[in-house]
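J.: Below is the structure I would like to discuss, written out as structure tokens.
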Amino acid sequence: MAHGAGGKASRRLIEGLLVPILSAGTPGPLGDAAHLQLNGTRLAITTDSFVVKPLRFPGGSIGELAINGTVNDLAVSGARAEALVATYVLEAGLSTAVLETEARAMAAAAQRAGVAIVGGDTKVVEHGKADQMYISTSGIGRPIAGVTVDPSSVRPGDKVLISGPIGDHGVTILLARGELELDAEVCSDTRSVLPLVEVLARAAGPGIRWMRDPTRGGVATALNELARDCGLAVYLREEDIPIRDAVRGACELLGLDPLHIANEGQFLAVIAPELADTGLEALRQTPGGQGARLLGEIRAEPAATLIAATGFGGSRVVDMLVGDPLPRIC
Amino acid sequence: MQFVDEYRDAKVITRTAEEIRRLADPHRHYRLMEVCGGHTHAIYRFGLKDVLPPNIELVHGPGCPVCVLPMGRIDDGLTMAENPEVIFTAFGDMMRVPGTKGSPLEYKARGTDVRIVYSPADALKLAQKNPDRHVMFFAIGFETTAPSTALTLKAAKAMGVRNFSVFSNHVTIIPAIRAILDSPDMRIDAFIGPGHVSTVIGCRPYEWIARNEGKPIVVSGFEPLDLLQSILMLLRQLGQGEAKVENQYQRVVPWEGNRAALRAMAEVFELRPYFEWRGMGFISQSALRLRESYAEWDAERRFSIPGVRVTDPKAAQCGEVLKGVLKPVQCKLFGKECTPERPVGALMVSSEGSCAAYYNYEHRKSGVGVGAA
């Protein structure tokens with residue numbers, strides 16, 4: 001199970017086993033989407049699958065995650081999603097009402113995201129084999145002009161930006177499972193980040209070095225991957241990390257680190273220092289982007305490490321997630 | 001956030017840190033032990049060592065109830081879980097702790113019914129909802145968690161829920177502190193006293209440490225300011241040649257402890273004559289088992305378990321790290337054969353374990369070389 005949590009075990013499974021075999025010896029860098037040239041046309045393509053329990057939760061459902069997740073992967077790779085295909089793996093016995101609700105949710109989310117669903121596939125498996133439903137979406141899109149995402153272009157002095165408050169989605173799911181007798185006013189942040197990415201591209205495009213959507217494994221995992229890929233240090237200032245009070249409270253109570261919690265409607269960006277403030281301001285002036293913050297910066301040392309400064313002179317290393325975030329007890 | 005933000009106020013923390021630096025005698029090297037694993041984590045989590053002067057050394061104590069459990073006890077619990085009718089329940093902390101044939105999570109992946117619960121009451125509810133199964137709760141913790149286990153057992157008895165049992169691995173804190181002080185290779189100047197254990201047992205049980213051993217002890221909270229204030233209070237005592245018990249965590253810890261909790265514990269539990277602690281051998285009167293009157297809910301009596309003593313791998317130095325003799329990074333296996341993903345001992349996976357704290361928060365800061373995970 002740890003291999004699905006998005007942290008170290010996932011990375012080992014993907015990079016250690018799958019990539020070498022599947023890429024037939026010519027692997028490129030692992031980004032959120034693959035950018036290709038086909039007969040002179042540049043395209044981006046990505047795929048993602050969605051497994052969530054419960055299917056519906058405050059702020060969204062699996063259908064919306066399935067659309068937004070793939071649109072976002074393309075967006076943070078520097079591409080505008082044009083078309084998606086969707087696969088449903090359905091558990092025998094699933095009510096058609098549930099399926100219809102999700103299909104409608106997907107159609108609505110696709111429309112909001114400005115993307116067409118152009119095909120798909122459906123399979124039914126035995127009862128007990130699919131947790132009601134699994135959805136997978138693959139998306140294709142065109143590169144956004146003027147944006148190149150490349151961790152090797154990151155330099156000491158670059159700034160790290162987040163588009164809004166963290167932790168909403170993961171905490172919502174944890175509470176929606178109903179295992180904890182904890183109530184909080186939280187809801188998932190699932191949305192397409194493409195509009196905000198396009199705003200950032202217009203305002204600060206030449207300065208964008210890297211972007212990622214911090215889904216499973218949270219901001220900590222995404223920034224650890226960045227640190228590893230560029231070989232530099234990523235410094236965060238804890239007091240600058242935006243987080244809603246209710247999310248923070250739930251995390252404190254459960255002993256969870258918000259940096260390890262999944263987000264479904266935010267993105268991280270590394271921007272050259274001379275354009276960082278311009279990019280930030282443009283986001284904050286955009287509806288949906290007012291929560292954007294500059295979180296930190298890139299430094300030379302210590303190599304390949306993510307560090308958080310506490311605000312009163314202390315600091316700690318922030319590691320990638322190992323396994324699932326387990327609430328602390330005592 | 002109330003009760004959190006005030007204790008993380010950067011200005012007050014900076015002032016307190018300055019006060020500590022002023023008060024610390026530059027010709028003296030202070031060794032302060034924080035007993036409780038939660039304090040160890042807080043120290044690393046908030047980077048407190050960065051704000052303390054270099055002549056104040058924080059030594060990590062054995063206050064991690066998961067870490068001090070010998071592997072054999074984990075095996076015993078998992079043997080019970082192998083019964084198809086049994087649902088094995090435990091806190092999240094326990095899930096990655098290695099037994100000889102794997103951790104509870106690994107057993108779960110192999111098909112054993114292992115579930116995380118957030119309180120023993122949840123385990124009892126599970127038993128009521130599954131009358132054809134047997135729910136076993138693997139109880140761990142110092143006196144902090146023992147009262148809730150006790151109250152759950154009282155409820156089980158009162159409601160006549162028979163498909164429920166507790167495998168008690170509760171341990172008590174005072175014998176652990178005594179073992180530290182009796183250890184010939186220890187030299188501790190003062191103690192940062194456990195916070196949450198003290199909400200149950202109060203501050204009186206520590207009086208012998210000050211009176212008989214002449215060591216100051218300050219019961220501390222877990223926020224950065226709590227710990228810094230406690231260190232300040234210890235420095236004041238040491239500077240004046242005093243040794244007494246003080247309570248810094250007054251907003252939570254009552255001096256007399258929690259009588260209702262202690263009564264519940266006394267009704268359900270009794271002290272075992274002796275119990276094995278990882279790295280510290282057998283310590284008498286240091287752990288709790290269910291009384292005869294609760295025999296029916298005692299997993300040890302309902303299930304036959306191997307009870308095999310499993311020694312740690314030779315190269316593992318869990319015991320020395322637990323006693324504070326070695327820092328985590330000084331263990332030969334740290335960061336190489338033993339990492340949070342492939343732990344040799346519980347100290348590397350428990351949320352209270354000092355190896356885990358060091359690995360997760362500290363060791364790469366200075367680029368100290370450890371092998372790739």
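None of the figures in this text is laboratory data; all of them are computed from the coordinates on show. All values reported here derive from a predicted model rather than from experimental measurement. Because the Cβ atoms are built from the backbone with ideal geometry, glycine has one as well, and the counts that use them run over all protein chains shown.
J.: From the phi of every residue in the stretch B:102-108, what ³J(HN,Hα) in whole Hz does the Karplus formula 6.51 cos²θ - 1.76 cosθ + 1.60 yield, where θ is phi - 60° and glycine or proline is x?
T.: Coupling constants for the stretch B:102-108: x, 8, x, 5, 5, 4, 4 Hz.
J.: Determine the shape class of chain B: with a ≥ b ≥ c the square roots of the Cα gyration tensor eigenvalues, call it rounded for a/c under 1.5, and otherwise prolate if a/b is greater than b/c, oblate otherwise.
T.: prolate
J.: Give me the Å³ per residue figure for the convex hull around the C-alpha atoms of the stretch A:96-248.
T.: Roughly 176 Å³ of hull volume per residue.
J.: Separate question: Can you list residues from other chains, or at least 5 along the same chain, whose modelled amide H is less than 5 Å from the amide H of A:Ala83?
T.: Under 5 Å from the amide H of A:Ala83: A:Ala116, A:Ile140.
J.: If we count every other residue with Cβ under 11 angstrom of B:Gln285's Cβ, Lys/Arg +1 and Asp/Glu -1, where does the sum land?
T.: Value of the local net charge: +1.
J.: Consider all pairwise Cα distances in the stretch B:1-88 and report the whole-number % of them above 17 Å.
T.: 66 percent
J.: What's the Kirkwood radius of the stretch A:151-317 in Å, using all Cα pairs?
T.: 16.0 Å
J.: Determine the shielding of peptide A:179-192 by partner chains: average, over its residues, the number of Cβ atoms on other chains within 10 angstrom of each Cβ.
T.: Going residue by residue through A:179-192 and averaging, the value is 1.
J.: Using each residue's phi in the stretch B:133-138, evaluate 6.51 cos²θ - 1.76 cosθ + 1.60 at θ = phi - 60° and report the 3J(HN,Hα) Karplus result to the nearest Hz, with x for Gly and Pro.
T.: 10, 10, 9, 10, 9, 7
J.: When the Cα centres of the stretch B:319-346 and the stretch B:38-107 are compared, how far apart do they sit, in Å?
T.: If we compute the Cα centre of each part, the gap is 12 Å.
J.: A follow-up question, please. Hey, any idea what Rg/Rh is for the stretch A:73-173, computing Rh the Kirkwood way over Cα pairs?
T.: Here Rg/Rh amounts to 1.08.
J.: May I pose another question? Could you compute the FRET efficiency for A:Arg155 and B:Glu85, with r as their C-beta to C-beta distance and R0 at 45 Å, rounded to 0.05?
T.: That pair, A:Arg155 with B:Glu85, gives E of 0.15.
J.: Pick from B:Ala315, B:Ala156, B:Ala146: which residue has the top mean-square fluctuation in a GNM of chain B where Cα pairs under 10 Å get a spring?
T.: Greatest mean-square fluctuation among the candidates belongs to B:Ala315.
J.: If I require 27 Å or longer along the helix axis, counting alpha carbons, and a Kyte-Doolittle average no lower than -1.0, what helices from chain B are left? Use full DSSP H segments.
T.: none
J.: Something else: List the equivalent ellipsoid semi-axes of the stretch A:224-318 in whole Å, largest first, each obtained as the square root of 5λ for an eigenvalue λ of the Cα gyration tensor.
T.: 21, 21, 12
J.: Once amide H atoms are placed 1.01 Å from N in the peptide plane, what residues at a sequence separation of 5 or more from B:Phe142, or on another chain, have their amide H within under 5 Å of its amide H?
T.: Sorted by chain and number, the residues that satisfy this are B:Val171.
J.: Also, quick follow-up: Could you list which residues have their amide H under 5 Å from that of A:Ile208, counting only those 5 or more apart in sequence or on another chain, with H placed in the peptide plane?
T.: The list, which skips near neighbours in sequence, is A:Ala272.
J.: Another one. Run the quick spin-label model on A:Val125 and B:Asp182: label points 7 Å from Cα toward the beta carbon, then report their separation in nm to one decimal.
T.: Those two pseudo-labels are separated by 5.6 nm.
J.: Equivalent ellipsoid semi-axes for the protein assembly as shown, as square roots of 5 times the alpha carbon gyration tensor eigenvalues: give them largest first, rounded to whole Å.
T.: Over the Cα atoms of the protein assembly as shown, the semi-axes work out to 45, 32, 22 Å.
J.: Another question, then. What stretch of chain A, leaving out the sites themselves, is the longest with no trypsin sites (Lys or Arg not before Pro) in a DSSP loop having at most 13 other Cβ atoms within 10 Å?
T.: Value returned for the longest uninterrupted segment is A:178-330.
J.: Springs between alpha-carbon pairs under 10 angstrom, Gaussian network model over chain A: which of A:Pro206, A:Pro151, A:Pro20 fluctuates most?
T.: Most flexible of the set in this elastic network: A:Pro20.
J.: Here's a follow-up. Calculate, axis by axis, the spread of Cα positions in the stretch B:61-199 along the three principal axes, and write the results as whole Å, longest axis first.
T.: Dimensions of the stretch B:61-199 along the principal axes of its Cα atoms: 55, 36, 18 Å.
J.: How big is the gap, in Å, between the Cα center of the stretch A:127-187 and the Cα center of the stretch B:131-178?
T.: When both Cα centres are located, 39 Å separates them.
J.: Normalise the Cα radius of gyration of chain A by 2.2 N^0.38 Å (N = residues in it) and let me know the number.
T.: 0.97
J.: When chain B is treated as a GNM, springs tying every alpha-carbon pair under 10 Å, which of B:Lys129, B:Lys323, B:Lys314 comes out with the largest mean-square fluctuation?
T.: Looking only at B:Lys129, B:Lys323, B:Lys314, the biggest GNM fluctuation is shown by B:Lys314.
J.: Restricting to bridges with both residues inside chain B, how much of the DSSP beta-bridge set is antiparallel, in percent to the nearest 5?
T.: 20 percent
J.: For chain B, what is the calculated [θ] at 222 nm in deg cm²/dmol (nearest 500), taking -39500 (n - 2.57) for each run of four or more DSSP H residues and dividing by its residue count?
T.: One gets -10000 deg cm²/dmol as the mean residue ellipticity at 222 nm.
J.: Which whole-Hz couplings ³J(HN,Hα) result when phi for each residue of the stretch A:215-227 is put into the Karplus expression 6.51 cos²θ - 1.76 cosθ + 1.60, θ = phi - 60°, listed in order with x for Gly and Pro?
T.: Values per residue, Gly and Pro as x: 8, 4, x, x, 4, 4, 5, 4, 6, 5, 4, 4, 4 Hz.
J.: For chain B, what's the relative contact order in percent, using C-alpha pairs closer than 8 Å and at least 6 residues apart?
T.: This gives 23 percent for chain B.
J.: How much net charge surrounds A:Thr96 when only other residues with a Cβ under 13 Å from its Cβ are counted (Lys, Arg +1; Asp, Glu -1)?
T.: Local charge sum for A:Thr96: -2.
J.: Among the Cys residues of chain B, which have no other cysteine Cβ under 4.7 angstrom away?
T.: Taking the Cβ cut-off of 4.7 Å, the unpaired cysteines of chain B are B:Cys36, B:Cys203, B:Cys318, B:Cys331, B:Cys338, B:Cys355.
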